[in-house]
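K.L.:
First the structure, then my questions, so here it is.
The values are calculated or read from the model by the stated rules, or taken from the named source; none is laboratory data. These numbers come from a predicted model, not from an experiment. All Cβ positions, glycine included, derive from the backbone under ideal geometry; neighbour counts span all protein chains shown. Please note that ligands, DNA and RNA were not included when accessible areas were found on the heavy atoms of the full protein model with its side chains. Shrake-Rupley method; radii C 1.70, N 1.55, O 1.52, S 1.80 Å.
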Amino acid sequence: MSDPITLNVGGKLYTTSLATLTSFPDSMLGAMFSGKMPTKRDSQGNCFIDRDGKVFRYILNFLRTSHLDLPEDFQEMGLLRREADFYQVQPLIEALQEKEVELSKAEKNAMLNITLNQHVQTVHFTVREAPQIYSLSSSSMEVFNANIFSTSCLFLKLLGSKLYYCSNGNLSSITSHLQDPNHLTLDWVANVEGLPEEEYTKQNLKRLWVVPANKQINSFQVFVEEVLKIALSDGFCIDSSHPHALDFMNNKIIRLIRYR
């Protein structure tokens, strides 16, 4: 039997064997501990991996048993999937995909409620007219807010994977803004005519995009259309009893239900 090996993963210590770490030779861990890739050491001489230490326990247990064991209330499937992808343990990646399909099928009845608000705001900005000449300008912009609640955590993750904020010139998935698994709040602005690109960053103005269509959402009508496409494809339908037809047509309230 090989001597125990202690790993420092993101500050958490794990002790295992070389045989366990190399149980999947094609994985990153298999390459690291077979000598094909260099390893880093912490101040105590332990092998150091700069990744999330909390979910590594599930990866290590899979290396030991080739079986995915998760608690019933496990809420970090996205994080575990990213870590499994980093370590490139292919059987674990496949097991996670099967688990997500299983969880999706287990979610039966679900409700989706979206409340929409918007207002007009004046934004002030400077315009460079010449190398040393600047002028102050202003323009009106549409500011949007959507409060989204769903009893289906998986649907909110699906929705978050389709919607992206544009901030600082980069697109970032809404999924990273999910603090509550059942609730999501979105705040964004429409394009402002004449507003220089750098002013969006300076004034912390976020725009909203939907992928893979790569479409910017500049109105509630477009937002509702895109959310409905995603929700209907996931089995939701419009609740005929609520809200009032006038509220729905005015894009104030959207309520959808799903029966399975």
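K.L.:
What is the one condition in (1) modelled with pLDDT of 85 or more; (2) exposed (fewer than 15 other Cβ atoms within 10 Å of the Cβ) that Gln75 does not satisfy?
P.N.:
(1)
K.L.:
Going by the conditions given, is Asp52 acidic (Asp, Glu), closer than 30 Å to Ile174 by Cβ and either in contact with a helix residue (DSSP H, G or I) (Cβ under 8 Å, 6 or more places away or on another chain) or not assigned by the TED database to the domain that holds Phe155 (or both)?
P.N.:
Yes, satisfied.
K.L.:
Still on this structure: Filter segment 174-216 down to residues that are of a type in the set (Asp, Glu) and either in a loop (DSSP other than H, G, I, E, B) or over 22 Å from the mean Cα position of the chain (by Cα) (or both) and give me whichever is surrounded by the most Cβ atoms within 10 Å (Cβ to Cβ).
P.N.:
Glu199
K.L.:
When you scan segment 121-140, do you find a residue that is in a strand (DSSP E or B), closer than 26 Å to Asp234 by Cβ and in the same structural domain as Ser233 (by the TED database), even just one?
P.N.:
no
K.L.:
Another question, then. Hey, among the residues in segment 1-20 that are hydrophobic (A, V, I, L, M, F, W, C) and outside any loop (DSSP other than H, G, I, E, B), which one's most open to solvent (accessible area, probe 1.4 Å)?
P.N.:
Leu13
K.L.:
Under 6 Å between Cβ atoms, at least 6 apart or on separate chains: pull out the pairs that start in segment 26-44 with a residue that is under 13 Å from Gln90 (Cβ atoms) and end on any residue that is part of a loop (DSSP other than H, G, I, E, B) and open to solvent by less than 70 Å² (accessible area, probe 1.4 Å).
P.N.:
Ser27/Val89; Gly30/Thr22; Gly30/Phe24
K.L.:
Please identify the pairs in which a residue from segment 154-171 that is within 15 Å of Gly78 (Cα to Cα) has its Cβ atom under 8 Å from the Cβ atom of a residue that is open to solvent by 10 Å² or more (accessible area, probe 1.4 Å) and among the β-branched types (Val, Ile, Thr), counting only partners at least 6 apart or on another chain.
P.N.:
Note: pairs meeting the criteria are Lys157/Thr175; Leu158/Ile230; Leu159/Ile230; Gly160/Thr175; Ser161/Thr175; Lys162/Val211; Lys162/Ile230.
K.L.:
Tell me whether segment 42-59 contains one or more residues that are buried (at least 18 other Cβ atoms within 10 Å of the Cβ) and among the charged types (D, E, K, R).
P.N.:
yes
K.L.:
Taking Pro91 as meeting all but one of (1) in contact (Cβ under 8 Å) with a residue 24 or more places away in the chain; (2) of a type outside the set (Asp, Glu); (3) open to solvent by less than 40 Å² (accessible area, probe 1.4 Å), write down the number of the exception.
P.N.:
Among (1) in contact (Cβ under 8 Å) with a residue 24 or more places away in the chain; (2) of a type outside the set (Asp, Glu); (3) open to solvent by less than 40 Å² (accessible area, probe 1.4 Å), Pro91 violates only (3).
K.L.:
Return the pair list, or none, for Cβ contacts closer than 8 Å from residues in segment 125-140 that are under 18 Å from Leu205 (Cα atoms) to residues that are open to solvent by 100 Å² or more (accessible area, probe 1.4 Å), at least 6 apart or on different chains.
P.N.:
Phe125/Leu136; Thr126/Tyr134; Thr126/Leu136; Val127/Tyr134; Val127/Leu136; Ser137/His124; Ser138/His124; Ser139/Glu193
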